[in-house]
1. Determine, yes or no, whether Ala657 is among the hydrophobic types (A, V, I, L, M, F, W, C), outside any loop (DSSP other than H, G, I, E, B) and at pLDDT below 75.
2. Which is surrounded by fewer than 15 Cβ atoms within 10 Å (Cβ to Cβ) and touching a residue at least 12 places away in the same chain (Cβ under 8 Å), of Lys719, Lys738?
3. Which members of the stretch 722-735 meet the condition of being part of a helix (DSSP H, G or I) and either surrounded by 15 or more Cβ atoms within 10 Å (Cβ to Cβ) or touching a Lys or Arg at 6+ places or on another chain (Cβ under 8 Å) (or both)?
4. Can you name the residue in the stretch 93-123 that is among the aliphatic types (A, V, I, L, M) and without any contact (Cβ under 8 Å) to a residue 40 or more places away in the chain and is also surrounded by the fewest Cβ atoms within 10 Å (Cβ to Cβ) among such residues?
5. Output the number of the condition that Cys142 fails; it satisfies all remaining conditions of (1) surrounded by 14 or more Cβ atoms within 10 Å (Cβ to Cβ); (2) in contact (Cβ under 8 Å) with a residue 12 or more places away in the chain.
6. Residues of the stretch 125-151 being outside any helix (DSSP H, G or I), within 22 Å of Thr212 (Cβ to Cβ) and at pLDDT 85 or above, which ones?
Amino acid sequence: MIKNNKFNFNMMNKRVPYRFQMLYVWIFSYLIICLLLFVCNLMLYNSQNKAAREHTEKSYEAFLNSTVLQFDSKISQLDGLYTTISTNSLITDVISNDEQTSIEMVYPVSQELAKQQQHTSFSRIYLYLQNRDIIISNSVSCSASEFYHYYYENNNISYTNWVNAMHSEKQGAHIITYNDDERYLDFIYRIPVYKNGVHTTDATLVFQMNDTTLRALSYTDDKIGTVIILDQDDNVVMSDSGDIPDNLKYSDYEDGEVIKKNGVVSLCSISAYTGWKFLFVSRVNDFYSATERISRIHILIIVLSMITSFLLSILFSVKNYRPLNELITAYRHSVEKKAVENMHDYALVKNAISDYVSSKRNLNILENDIHNFKMNEVFEKLLQGYTETEETDIEFPSDLFVVILFRPRNNDNLFGEDKTSDDDVENTTFFIIQNIMEELLNRGDYFRVIKYRDCIAGIYCCENQHSAEVCKTKIFNNVTYGSSFIKNNFQFECEIGVSSVKNGLSSISAARKEAQIAIDNAGSKDIIFYEDMNEVTLSTDRDFLKLFSSNKATLLSNIENNDAEGAKKVLDKIYNSCIKLISVEKTQLIIMQLLGDILSLGDEEHMDTVADNMQTIDVNSNPSESRYALKKLIDYMCSIKKEAHTDTKNMADGDVAVTQIVEFIQNNYADYNLTADFIGNKFDISPRQLSKLFKSAVGESPANYIARFRIGKAKFLLKTTSLPITQIYHKCGFISEKTFFRTFMKYEEVTPGKYRETNQI
């Protein structure tokens, strides 16, 4: 795969000069983006165009429905007018009169009809008396023939058909009449005539609506089509423009339907009141003219934007590439030509940035580690009483300091069955206490946690405005909460000793001693303040001696049995009883006695080392410091006992053990926990004996062999694969990138990245 990539790149180099390859890639990338934008604009255009067309259809549909409602409103008026006129006494008297109608009787009727006509949009209202064949209208009274001759002779209807319509028995029937000038719609209603309770004849009431009135119903300034009204028999009642397409098949239309056919758009709405059809008919081009104008503008904008985008893509690519090309050219000249002659510009930039980021990250990690190391060293010296460390680069909020000591207990089972080593437990315990307590106490104040001997020490600086009592309360509340949180979530407890509030950095050592005394007298309490030590009660020497005799025997027995942890727990009991029951002077004598008894358990071979350990124990020092030194001595004495046991057991088959150990290392080199202690536990050999056997057989220490073997595996992966360095160091058993880089530099004197550049296959 790698060879193919190199081949393709070389072929591209032959076709395009390297200094232009990135430029072409940029231009192509910009054009791809422009193309995507063009596609998106087209999709948006289609969507908007469709929505605009639907909006136009909905608008004219609403307009047509409004026309229907207005027409239905007009027709509904007819029922009211009919009732009003047919029940009018003047009119009923004229209708029921069989004799010749006098002018005195006709005139009031004509006036009444005129009155009713004034409040409507009907052009004419007239009454046809069938029994006397006369017409009474709002403006004239004459015979039916005269009325027809005057108003209907030039229309499309004959006299006979007109008279027959006047005698129609269908209530609300209509006739359509028209001439060259205008079209009329006559609605016909029968008024029955009764005499002495007997139906004798009928009269006909006619409401006439002209074409102008009908057209007014559908009038609008921006209408671009024709409104056609059809009756139930699909006869054209009205057309507001007279421009009716010849190819319309009216029977095909349904209510609410939109038909696009033969270049014509038709909308239909059917009146619920009359059952008549109302059509809106328009040419397609006219119907969507506004939409098409917007669409053309949109298309023009899209085309112009594409042309502009293309030109700007080229312009920006050239402009942006110029400074980058200058940097790449300068970098190529600054490194070995052979190393970069076949390297693509992108690969070159990526490699340079990767090396820089990696170096920067490693430098930051190193600087942070150095800073933390220095600060821990400064605070450790302050705790020990060194005054030359008073000048630090930390800005403290005040000169008020308190030392808090934490001593974990019952933390051996922190990992349960997954426990790997005591160091893991110790480090994890420190991490938990550090994070929780710093989170609680660093709010406006300064608090830092470090490891100090067998405890964890916290240095707390109060704010200036805090009094000693306020500081004590704040410490008690937060530390108590943190201790409870640790107990509930991590299943171990802490003994906590707190000093009094001290002034100045130079007083931190004194504060530490107070905290030490407090924690040594904690007893059953989780937290105790030095200022509260007056609450401790003392017993008699006799009580103490009884306890001491029993505990000492147990302590010595545990050392003989190589039980260091059990011995140290008994030592804690002795010290606690010393502090509670006897004076400091007597405590010093007890320590001297314990020293003699412990030393008596050793042999001549290890007496020099035992003597060195003994020199570190100052019986006149603080009880906590002497306790710490005694625990170290117990650990050493137990290790002597263990080595003496394992040396005898494994000395005979040392060569076989080393062969197995080498095989074990080669099979488990990726395990982070592969250390001399881990291997010793696996093969039941002490670290000291393991190192002795391994050096004799292999020529170097187990730790050195493990490191070299891991580096060999890492070199193989760097040469033969393209795996990221972060994966490689995990696969080879290194716990961090920092450790991997440091070890690789030690054996190869180059970074992993540089090694890959020069050796990759």
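The values are calculated or read from the model by the stated rules, or taken from the named source; none is laboratory data. Given the structure is predicted, the values throughout are model-derived calculations rather than measurements. Please note: Cβ atoms are built from the backbone with ideal geometry, for glycine as well, and neighbour counts cover all protein chains shown.
1. Answer is yes for this residue.
2. Testing whether each residue is surrounded by fewer than 15 Cβ atoms within 10 Å (Cβ to Cβ) and touching a residue at least 12 places away in the same chain (Cβ under 8 Å) leaves just Lys719.
3. Once the filter is applied, which keeps residues that are part of a helix (DSSP H, G or I) and either surrounded by 15 or more Cβ atoms within 10 Å (Cβ to Cβ) or touching a Lys or Arg at 6+ places or on another chain (Cβ under 8 Å) (or both), the stretch 722-735 yields Ile725, Ile728, Tyr729, His730, Lys731.
4. Here the answer is Ile103.
5. All conditions are met except number (2).
6. Hits for the stretch 125-151 are Ile125, Tyr126, Ser137.
Condition check ((1) at pLDDT 75 or above; (2) assigned to a loop (DSSP other than H, G, I, E, B); (3) surrounded by 16 or more Cβ atoms within 10 Å (Cβ to Cβ); (4) not acidic (Asp, Glu)) across all residues:
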residue	(1), (2), (3), (4)
Leu304	yes, no, no, yes
Ser317	no, no, yes, yes
Tyr346	no, no, no, yes
Ile365	yes, no, no, yes
Phe379	yes, no, yes, yes
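Residue-by-condition table, conditions (1) in contact (Cβ under 8 Å) with a residue 12 or more places away in the chain; (2) out of contact with any Leu (no Cβ under 8 Å at 6 or more places or on another chain); (3) surrounded by 13 or more Cβ atoms within 10 Å (Cβ to Cβ); (4) among the hydrophobic types (A, V, I, L, M, F, W, C):
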residue	(1), (2), (3), (4)
Ile125	yes, no, yes, yes
Gln130	yes, yes, yes, no
Ile135	yes, no, yes, yes
Phe147	yes, yes, yes, yes
Ser158	no, yes, no, no
Val163	yes, yes, yes, yes
Ser168	yes, yes, yes, no
